Amino acid sequence: MSTTDIPTQPNSATRTNHPLMLPVVITMDGPSASGKGTLARRLAKELGYTYVDSGAMYRTLAWYCLQKQLPLPVKAAELTPETEKPVISLMRRWKAELKIVEGAIWLQVDGYFPKAEIRSDVVEKAVPIIAQIGKVRDWMVARQRDCVKFGPLVMEGRDIGTEVFPLATLKFFLDANPAARAKRMQGRGNTACTERDKLDMNRRQGALIPALDAIRVDNTGQTVDETFALLMEHVRARMKPGQP
Ligand code: CDP
């Protein structure tokens with residue numbers, strides 16, 4: 001292979017054209033109700049980056065499996081090569097595409113993004129189970145990496161700083177104490193998240209854990225504005241000309 005054959009990063013053009021050395025991908029991981037969705041969206045808007053909700057991609061697959069009436073395992077213990085097979089084979093056949101809509105990337109299936117449907121209770125229960133399937137995670141991680149073709153990103157999830165973009169230059173891991181998170185979940189009428197977080201933390205592949213180089217932010221007792229100001233301080237520190 002000559003040096004000219006060596007592929008360059010797909011986002012290198014965006015990077016060099018940018019007046020300041022902004023990181024191309026900002027990762028935002030954390031458990032449910034840690035505030036990562038709200039803050040990732042706000043950060044993306046502020047910086048003019050594209051926002052990506054990686055959890056919505058897993059939810060879309062769970063919804064699609066339910067739509068197709070697949071016999072889904074209901075407990076992690078029921079996952080075996082046999083029970084995983086229908087999900088994997090459906091995922092290999094579905095017509096799923098990344099689409100950018102109003103500054104955010106969504107996975108559309110058959111040209112449709114099931115925005116409301118993916119928040120239903122049935123999807124909520126199914127998603128952490130199918131998210132344990134190794135081949136599902138491989139497929140999702142590859143799609144999430146493909147998102148760089150749309151330009152600089154703020155991507156939120158569970159394993160974005162550890163698995164999807166381990167070389168990202170700016171990583172956040174958001175958290176809040178269990179009481180604060182429980183209160184936020186209740187406010188949303190959603191209490192099934194604790195079980196989901198447990199499953200996410202204990203899986204073998206793509207577990208919910210902070211990357212070693214992530215900036216950990218515990219926002220217990222903070223307002224969204226306060227946490228946002230803190231995150232922006234870190235972003236500005238990275239924007240200083242001359243810093244890699
Ligand atoms: O909004 P919330 O943080 O509660 O969840 P979400 O981001 O919508 O993710 C839903 C589920 O998808 C999680 O509980 C995980 O099981 C799975 N997920 C994942 O495995 N990896 C990601 N990067 C994002 C989500």
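Observations
- Scanning the chain for trypsin sites (Lys or Arg not before Pro) that sit in a DSSP loop and have at most 15 other Cβ atoms within 10 Å, the longest stretch containing none of them is 116-187.
- Solvent exposure of segment 152-229 as accessible area per residue, Å², 1.4 Å probe: 52 Å²
- Taking all Cα pairs closer than 8 Å and separated by 6 or more residues, the relative contact order of the chain comes to 33 percent.
- Note that segment 208-216 has calculated 3J(HN,Hα) couplings of 6, 8, x, 5, 4, 9, 7, 7, 8 Hz, one per residue in order, obtained from phi through the Karplus relation 6.51 cos²θ - 1.76 cosθ + 1.60 (θ = phi - 60°); glycine and proline are x.
- Compactness of the chain, expressed as Rg and Dmax over alpha-carbon positions, Å: 18.2, 58
- Whole-Å distance, taken between Cα centres, linking segment 117-138 and segment 56-86: 7 Å
- Proximal lysines to LYS99, defined as alpha-carbon separation beneath 28 angstrom and excluding residues fewer than eight positions away on the same chain: LYS36, LYS45, LYS68, LYS85, LYS115, LYS125, LYS135, LYS149, LYS171
- Over the chain, dividing the summed -39,500 (n - 2.57) contributions of all DSSP H runs of at least 4 residues by the number of residues returns a 222 nm mean residue ellipticity of -13000 deg cm²/dmol.
- Solvent-accessible area, 1.4 Å probe, carbon plus sulfur percent, for the chain: 54 percent
- The value of relative contact order for segment 100-172, using C-alpha pairs under 8 Å at least six residues apart, is 19 percent.
The values are calculated or read from the model by the stated rules, or taken from the named source; none is laboratory data. For clarity, every value in this text was computed on a predicted model and none was experimentally measured. Positions of Cβ are backbone-derived with ideal geometry, glycine not excepted, and every protein chain shown enters the neighbour counts. Protein only, heavy atoms only, side chains kept; ligands, DNA and RNA dropped before computing areas. Shrake-Rupley method; radii C 1.70, N 1.55, O 1.52, S 1.80 Å.
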